[in-house]
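Engineer: Can you read through this structure? Questions will come right after.
Coordinate-derived values only; no laboratory data. Treat the numbers as computed from the prediction; the structure is a model and nothing was measured. Because the Cβ atoms are built from the backbone with ideal geometry, glycine has one as well, and the counts that use them run over all protein chains shown.
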Amino acid sequence: MPKPGFLPLTAATALALVMMLPATVRAAGLAAAPAVASAAATASGFDGVVEAVRQTVIAAQVPGAVVELPVKVGDRVSAGQLLLRIDARTADQNAAASDAQVQAARAALAVASQEYGRQQQLFQKQYISQAALERAESEFKATQAQVNAQLAQAGAARTQTGLHVVRAPYAGVISELPVSLGDMAMPGRPLLTLYDPSALRVSASVPQTVASRLAAGELPKVELPGLPGPQQWVAPLRLQQLPTADAATHTVTLRLDLPAQLAGVAPGMFARLWLPTGSAAAPGVAAALSVPRQAIVRRAEMTGLYVLDAQGRPLLRQVRLGRVDGDRVEVLSGLMAGEKVVTDAQAAARAR
């Protein structure tokens, strides 16, 4: 039996007493961290694009209808694999006609050779004159030249027939296929685009003043925002700076070779190069800040942080984030240097 004047302390009563405490007392146990200058403040990002080192646009060399198309966009093909076939019936007939002409010319050459042999025997017995022998020799050589011409023409016809079959020049991925089965192929019309996925690079235009700050052998950081999580950061293999600069923008082109077999990376993807700029921030521009990743709050389309006010109360504030560097995130706006952010967002929400 409880004593007169005293009520039992239930869970609900205890929760009510806690909620009656000032917010400063409830937030006293929250873990917080100050917003500090970002380690990337001395680096600037420059937009770039992923390119294929080896990319081929295969065009038609002969006219004709597309009669076979066993591949589609995104297919991986091996070297020598059939990609497309063009109607070659006319070319086959021309090749057959050329072969027949070669056979006729060879038959004529056999006759001319025998005749030239008989004329030589008659000349040795002095039955014919020197002029008759020379005429027989001339006819033999003319027939032999005609055979050679027919052989060359037949070879060209066979080569023309081979142009109706399109095969992969190397192992790669089909990125574009602007034709369909039954389309008319014309000389010079692109049939498909093929690229080698094992040789990719990032190309970006960078101001000359920034590019000159790269030390010998130093490689910029490459960010691929389209990839998930830690895969966004890629260590390039080599750096190439083109020798010419753009006279209008005073920029130079940097090309960085990427490692082979990167999952999810394809030509045309957005990329960003991070290069040292030599100063924490440009004149008149505040330096970027960074906070721990676990302090970020995401609710629907809002991204924010719990910031402690002067009384130590956690207040949710919307911010704009930059790049992620390890376990810290760059804050571009919405936060001031020295302000403390709660590292445990769930605890801050309960303490409000």
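Engineer: Please rank Ser138, Ser180, Ser98, Ser290, fewest neighbouring Cβ atoms within 10 Å first, as an exposure proxy.
Structural biologist: Going from least to most buried by this count: Ser180, Ser138, Ser98, Ser290.
Engineer: Which is the longest part of the chain that has none of the GluC sites (Glu not before Pro) sitting in a DSSP loop with at most 12 other Cβ atoms within 10 Å?
Structural biologist: 1-217
Engineer: Just subtract the alpha-carbon distance of Ala247 and Ala97 from 0.36 nm times their residue separation and send over the number in nm, one decimal. List each step's numbers first, then the result.
Structural biologist: Details: separation 150, 0.36 × 150 = 54.00 nm, distance 5.88 nm.
Value of the extension gain: 48.1 nm.
Engineer: Still on this structure, I have one more. Exposed loop sites here are chymotrypsin sites (Phe, Trp or Tyr not before Pro) in DSSP loop states with at most 11 other C-beta atoms within 10 Å. What is the longest stretch of the chain lacking them?
Structural biologist: The longest such stretch corresponds to 128-352.
Engineer: Ranked highest first by the average count of other Cβ atoms within 10 Å around their residues, in what order do 340-347, 74-81 fall?
Structural biologist: Numbers: 340-347: 19.4, 74-81: 12.4.
Descending mean neighbour count gives 340-347, 74-81.
Engineer: I've got another one for you. Once you have a ≥ b ≥ c as the square roots of the Cα gyration tensor eigenvalues for the chain, tell me rounded if a/c is under 1.5, and otherwise prolate or oblate according to whether a/b is larger than b/c.
Structural biologist: Prolate, since a/c reaches 1.5 and a/b exceeds b/c.
Engineer: Oh, and also: Report, by chain and number, residues whose modeled amide H sits under 5 Å from the one on Gly322, excluding near sequence neighbours (fewer than 5 apart, same chain).
Structural biologist: Glu330, Val331, Leu332
Engineer: Order by neighbour count: Leu256, Leu321, fewest other Cβ atoms within 10 Å first, most last.
Structural biologist: Going from least to most buried by this count: Leu321, Leu256.
Engineer: Give the shape of the range 191-319 as rounded, prolate or oblate, defined through the alpha-carbon gyration tensor: a ≥ b ≥ c are the square roots of its eigenvalues, a/c under 1.5 means rounded, and otherwise the shape is prolate if a/b is larger than b/c and oblate if not.
Structural biologist: It is oblate, given that a/c is not under 1.5 and a/b is not larger than b/c.
Engineer: Next question, about the same structure. Taking the alpha-carbon centroid of each part, what is the distance from the range 193-222 to the range 40-98 in angstrom?
Structural biologist: Spelled out, the Cα-based centre of one part sits 27 Å from the other.
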